[in-house]
Amino acid sequence: MNDLELAQTPSTPAVRMDHKVGRVFMAGDSYPENPFEFFQPIIDWIDTFLKETSRPLSFDLELVYLNTSSIRAMMDIFDRLEEAHQSGRQVNVLWSYDPDNERVGELAEEFKEDCTFPFTIAPRS
Amino acid sequence: MSPLHLNDNLEEQIEALLTADTPVDGWKEPLRELFQRYMDQQRLLDRLTHIADRFQAAERERSQGYLVNYEKKVRQLEKIVRISDQYQTMLHQLKERLEHASNYDSLTNLPNRRYMTIRLEETAAQAARKPEAGFTVMIADVDDFKAVNDKFGHAAGDRVLQAVAHALELALREYDMCARWGGEEFLLLFPACESANAPLVAERLRLAVAAAPRISEEIPAPTISIGYTQHRTGENIDKTLLRADEALYKAKNAGRNCSIGM
């Protein structure tokens, strides 16, 4: 499988998905014009990684603003991680945020609520 | 064996048996057949019930599954709405902060040059439509400010500017406006201020700053010089400002800590 790399734009986050180390990095704002088009390759990559390998998968997030469809897509992604975790797969999320913008931390808490896998929310130092 | 064919035949035989007064020869055969048929039907009925029950169970399970799925979706939707609303609130607050940052001076919290320029243009446009809505502008400049900065440092200079800004603001009426014009210069706008009142207002401001609480014992109490002028209907606002600037220059030359109009 391939690595996926998307450069940051004013309306989409930077995305780096490295299959060798099993790491996904996403940072920035997300309000893409066509959310399906933007998120589908990301979700497909995750599905393929979970299916074709047995390695752990780590998420490193620095997302700031998400519009409604991006929130939905992120919940879909976390649902997949939860399912993988339930079946014994090692997954984790680290969501870091600017301590000046405490609200982002509170929002990440909302996402974390239903997840039983390791999900850390930390102010960036 | 076709049930219908047998049925017809067997029914007749059984009826014949039942209507006879005494047992007819060969009565056992139809009875055995009848019993056999009864047992077959019983088995069929059992199977039918069993299948029907299973269908019913499957159906119940299916609708249960839909219900669980539905409830999950509703929870998910509520959550998306909740998160989305919070993000929107965040965006809104961010916008307000940006708006404030672009219109206000961060040191004195007074409107900045950008904001004041817009207000000046608006006020001049109003005056062009209603000539009686004349207005006065004043430029106030802190006297010997460079000396404070040089001798006591920029932090002390900043505190002096804050103190002056505060004193000016307290001396204004609600609809007057004071902006940080740049450096140690403040621009004041007095809508609907007649030229006869301008000297009084300028003096009031000057005295308000002179009477402001000292920020420390070693730093001398700040004073301001003021140049003021009346906007002339129809003239470009830049021209008004230039005249106020000239008046300020005269005030500085006249020994500072005074106000001069032009």
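Each value in this text was obtained by applying a stated rule to the coordinates, not by laboratory testing. Keep in mind that what you see is a predicted model, and the values were worked out from it rather than measured. All Cβ positions, even for glycine, are placed from backbone atoms using ideal geometry, and neighbour counts span all protein chains on display.
Structure notes:
- Listed by position, the helices (runs of 4 or more DSSP H) inside the range A:33-125 whose residues that are polar (S, T, N, Q) and within 14 Å of chain B (Cβ to nearest Cβ) number at least 2 are A:68-86.
- Qualifying residue in the range B:123-141 (condition: hydroxyl-bearing (Ser, Thr, Tyr) and under 20 Å from B:ASN103 (Cα atoms)): yes
- Positions within the range B:72-89 being farther than 12 Å from A:MET75 by Cβ and at the interface with another protein chain (Cβ under 7 Å from one of its Cβ atoms), in sequence order: B:GLN86, B:TYR87
- Count of the range B:92-125 residues, restricted to those that are without any contact (Cβ under 8 Å) to a residue 12 or more places away in the chain and either assigned to a loop (DSSP other than H, G, I, E, B) or surrounded by fewer than 14 Cβ atoms within 10 Å (Cβ to Cβ) (or both), is 13.
- Selection within the range A:26-52: residues that are in contact (Cβ under 8 Å) with a residue 40 or more places away in the chain and more than 30 Å from B:HIS92 (Cβ to Cβ). The member of this set that is farthest from the chain's Cα centre (by Cα) is A:GLU52.
- Single residue of the range B:179-203 satisfying the filter (of a type in the set (A, V, I, L, M) and outside any loop (DSSP other than H, G, I, E, B)) that is farthest from B:ILE139 (Cα to Cα): B:LEU200
- Residue check for A:LYS20: over 21 Å from B:MET90 (Cβ atoms) and more than 11 Å from the chain's Cα centre (by Cα): yes
- Scan of the range B:204-237 for residues that are closer than 16 Å to B:ALA140 by Cβ, out of contact with any strand residue (DSSP E or B) (no Cβ under 6 Å at 6 or more places or on another chain) and assigned to a helix (DSSP H, G or I), ordered by number: B:ARG204, B:LEU205, B:LEU207, B:ALA208, B:ALA210
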